[in-house]
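Below is one structure, written out as structure tokens; the observations come after it.
The values are calculated or read from the model by the stated rules, or taken from the named source; none is laboratory data. Here the structure is a predicted model, which is why all the values come from computation and not from measurement. Cβ placement follows ideal geometry from the backbone for every residue including glycine, while neighbour counts extend to all protein chains displayed.
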Amino acid sequence: MQLSQLERDFINNFQGGFPLQEHPFESIATQLNCSEDELIETVKRLKDQKLLTRFGPLYDAARLGGGLTLAAISVPEDRYEIVTELVNVYPEVAHNYRRDHELNMWFVLATETPAELLQVLSSIEKTTGLTVYNFPKQEEFYIGLWLHLSADGKHTTVPVPNKTEPPVGDIKLDDIDRKLISVTQSGFAIERSPYQTVANNMGTTQQDVIQRLTRMLSSGIIRRIGAVPNHYKLGLTANGMTVWDVEDDQLIKLGNIIGQLDFVSHCYQRPRHLPMWRYNLFAMVHGHNKDEVNEKVKQIEMLLGKDCKAHDTLFSSAILKKTGLRLAA
């Protein structure tokens, strides 16, 4: 899809860093050499065309004290459609993908508490009658899918600009904070004063909303605020979840190396499930097609060398659900 210069500039620069001020689009318009009205209409159009999946804050469920995990099921082909419906009906299921593997359904769960996470996993097992394999994050090496769009359509993923690690420690949220999360987790209104609209919905002031969002951003509860591009619609149609069986005593070192590659958007340590699943290092790679992803996989393989005993790439063949995380208020 051919994008205008303004559309590309907005997406490339504001997948994070959306201003926390009274008229944020006015500030961005000045930077992008356009009018505020032109920019607002541009962002609305991107959203309406589903080139943006959402626009607003990305919350970190783990920093909120909730449960977050990746899970997988091996679904018989003759039951795939009904099992998809059974899994997707859970509001805790944020993303669900079909992947080319014996474990052919992979979904992300987010719950208010870790205990509730285990309850939902158990419920899905009972409802579907199938074993659910739980792959909680044990170590995070990198997370940050930032898409860079070029005029020739050769889009790439790049490291998140100016990414800093949030401080470690307990974060105290009050009832107003939690209401703010509930009101904004599906995104902001695309208008001149989005924070005033949030304040009106909450019965508070715009300044209070901005101050609370600023605090949650600095503490890591919000990973970033901005546009979330639909990389499938924008041309990066190959989504490869690469998985690696690496030596345990080398995992931390190798995970940090792989996490720094500019084409890796997510990199984690997750548990093995022997004998079904031998892999303990996960790295998400995106490309325009499978051949491009496979070339990037070869680069990872060379870096891991003899410390890698086996690997696989699970391509997504269908998006079964993609709503973003929905955390309880």
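Tally up the residues in the stretch 220-258 that are outside any loop (DSSP other than H, G, I, E, B) and closer than 24 Å to I28 by Cβ, please. Reasoning before the result, please.
Residues of the stretch 220-258 outside any loop (DSSP other than H, G, I, E, B): 222-229, 238-246, 248-258.
This time we only want the ones that are closer than 24 Å to I28 by Cβ, so: 222-229.
Total meeting the criteria: 8.
Residue-wise test of (1) in contact (Cβ under 8 Å) with a residue 24 or more places away in the chain; (2) out of contact with any Pro (no Cβ under 8 Å at 6 or more places or on another chain); (3) closer than 25 Å to G235 by Cβ; (4) aliphatic (A, V, I, L, M).
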| position | (1), (2), (3), (4) |
| --- | --- |
| L51 | yes, no, yes, yes |
| R54 | yes, yes, yes, no |
| R63 | yes, no, no, no |
| D78 | no, yes, no, no |
| D100 | yes, yes, yes, no |
| L103 | yes, yes, no, yes |
| L109 | yes, yes, no, yes |
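Among the residues of the stretch 264-279, which ones are within 21 Å of the chain's Cα centre (by Cα) and surrounded by fewer than 21 Cβ atoms within 10 Å (Cβ to Cβ)?
Here is the first cut: in the stretch 264-279, the residues within 21 Å of the chain's Cα centre (by Cα) are 264-271.
Selection gives H266, Q269, R270, P271.
Check whether at least one residue in the stretch 127-134 is free of Cβ contacts under 8 Å to residues at least 12 places away in the same chain and not hydrophobic (A, V, I, L, M, F, W, C), and report yes or no. Even if it seems obvious, please write down each step before you answer.
Filtering the stretch 127-134 for residues free of Cβ contacts under 8 Å to residues at least 12 places away in the same chain gives 129.
Subsequent filtering for residues that are not hydrophobic (A, V, I, L, M, F, W, C) retains 129.
Yes, the conditions are met somewhere in the stretch 127-134.
Of the residues I225, I210, only one is touching a Pro at 6+ places or on another chain (Cβ under 6 Å) and either more than 30 Å from V132 (Cα to Cα) or crowded, with 21+ Cβ neighbours inside 10 Å (or both); which?
Numbers: I210 fails: touching a Pro at 6+ places or on another chain (Cβ under 6 Å).
Being touching a Pro at 6+ places or on another chain (Cβ under 6 Å) and either more than 30 Å from V132 (Cα to Cα) or crowded, with 21+ Cβ neighbours inside 10 Å (or both) holds for just one of I225, I210, which is I225.
I'd like the full set of residues that are part of a helix (DSSP H, G or I) and touching a residue at least 40 places away in the same chain (Cβ under 8 Å), limited to the stretch 20-45. If you could, list the steps in order and put the result at the bottom.
Step one: of the stretch 20-45, the residues part of a helix (DSSP H, G or I) are 24-32, 36-45.
Matches in the stretch 20-45: P24, F25, E26, E36, I40, V43, K44.
Based on this model, can you work out whether T128 counts as touching a helix residue (DSSP H, G or I) at 6+ places or on another chain (Cβ under 6 Å) and either surrounded by fewer than 17 Cβ atoms within 10 Å (Cβ to Cβ) or not charged (D, E, K, R) (or both)? Spell out the reasoning first.
Values: touching a helix residue (DSSP H, G or I) at 6+ places or on another chain (Cβ under 6 Å): yes; either surrounded by fewer than 17 Cβ atoms within 10 Å (Cβ to Cβ) or not charged (D, E, K, R) (or both): yes.
Criteria met by T128.
Name the pairs whose Cβ atoms lie under 7 Å apart, with the first residue in the stretch 231-257 and under 17 Å from T157 (Cα atoms), the second small (G, A, S), and 6 or more positions between them or separate chains?
Hits for this filter: G235/G153; L236/G287; A238/G287; N239/S316; T242/A283.
If I filter the stretch 194-213 down to residues being β-branched (V, I, T) and without any contact (Cβ under 8 Å) to a residue 60 or more places away in the chain, which single residue comes out as farthest from S182 (Cα to Cα)? If you could, list the steps in order and put the result at the bottom.
Initially, the stretch 194-213 is screened for residues β-branched (V, I, T), giving 197-198, 204-205, 209-210.
Going one step further and asking which of them are without any contact (Cβ under 8 Å) to a residue 60 or more places away in the chain, we end up with 197-198, 204-205, 209.
Working: T197: 14, V198: 11, T204: 14, T205: 17, V209: 13 Å.
Checking each candidate, the answer is T205.
Mind counting the residues in the stretch 129-155 that are at pLDDT 75 or above and in contact with a Leu (Cβ under 8 Å, 6 or more places away or on another chain)?
The first filter runs over the stretch 129-155 and keeps only residues at pLDDT 75 or above, leaving 129-152.
Next cut, in contact with a Leu (Cβ under 8 Å, 6 or more places away or on another chain) only: 132-137, 139, 147, 149.
Matching residues across the stretch 129-155 total 9.
Considering the stretch 1-19 alone, what residues qualify as being in a helix (DSSP H, G or I) and among the aromatic types (F, W, Y)?
Across the stretch 1-19, the qualifying residue is only F10.
Based on what the data block shows, is T242 among the β-branched types (V, I, T), under 30 Å from E292 (Cβ atoms) and surrounded by 15 or more Cβ atoms within 10 Å (Cβ to Cβ)?
Numbers: among the β-branched types (V, I, T): yes; under 30 Å from E292 (Cβ atoms): yes; surrounded by 15 or more Cβ atoms within 10 Å (Cβ to Cβ): yes.
It is true that T242 is among the β-branched types (V, I, T), under 30 Å from E292 (Cβ atoms) and surrounded by 15 or more Cβ atoms within 10 Å (Cβ to Cβ).
Considering only the stretch 74-90, I want to know if a residue exists there that is closer than 18 Å to Y268 by Cβ and within 20 Å of the chain's Cα centre (by Cα).
no
Can you report the number of residues in the stretch 307-329 which are loosely packed, with under 13 Cβ neighbours inside 10 Å, charged (D, E, K, R) and modelled with pLDDT under 95?
0
Against the definition (of a type in the set (G, A, S), buried (at least 18 other Cβ atoms within 10 Å of the Cβ) and within 25 Å of D177 (Cβ to Cβ)), how does G65 come out, yes or no? Step through it out loud before you land on a result.
On the way: of a type in the set (G, A, S): yes; buried (at least 18 other Cβ atoms within 10 Å of the Cβ): no; within 25 Å of D177 (Cβ to Cβ): yes.
Criteria not met by G65.
Of the residues that sit in the stretch 101-110 and are in contact with a Ser or Thr (Cβ under 9 Å, 6 or more places away or on another chain) and surrounded by 14 or more Cβ atoms within 10 Å (Cβ to Cβ), which one is modelled with the lowest pLDDT? Spell out how you get there, then give the answer.
Let us first name the residues in the stretch 101-110 that are in contact with a Ser or Thr (Cβ under 9 Å, 6 or more places away or on another chain), namely 101-106, 108-110.
Imposing the further condition that a residue be surrounded by 14 or more Cβ atoms within 10 Å (Cβ to Cβ) reduces the set to 101, 103-106, 108-110.
Details: H101: 95, L103: 97, N104: 98, M105: 98, W106: 98, V108: 95, L109: 93, A110: 89.
Result: A110.
Taking the criterion of being among the acidic types (D, E), loosely packed, with under 15 Cβ neighbours inside 10 Å and touching a residue at least 24 places away in the same chain (Cβ under 8 Å), would at least one residue in the stretch 80-97 satisfy it? Explain how you work it out, then say what you get.
Here is the first cut: in the stretch 80-97, the residues among the acidic types (D, E) are 81, 85, 92.
Narrowing further to those that are loosely packed, with under 15 Cβ neighbours inside 10 Å: 81, 85.
So of that shortlist, the ones also touching a residue at least 24 places away in the same chain (Cβ under 8 Å) come out as none.
Checking the stretch 80-97: not a single residue is among the acidic types (D, E), loosely packed, with under 15 Cβ neighbours inside 10 Å and touching a residue at least 24 places away in the same chain (Cβ under 8 Å).
For A72, all conditions in the list (1) farther than 25 Å from D177 by Cβ; (2) surrounded by fewer than 14 Cβ atoms within 10 Å (Cβ to Cβ) hold save one; what is the number of the exception?
That leaves (2) as the condition not met.
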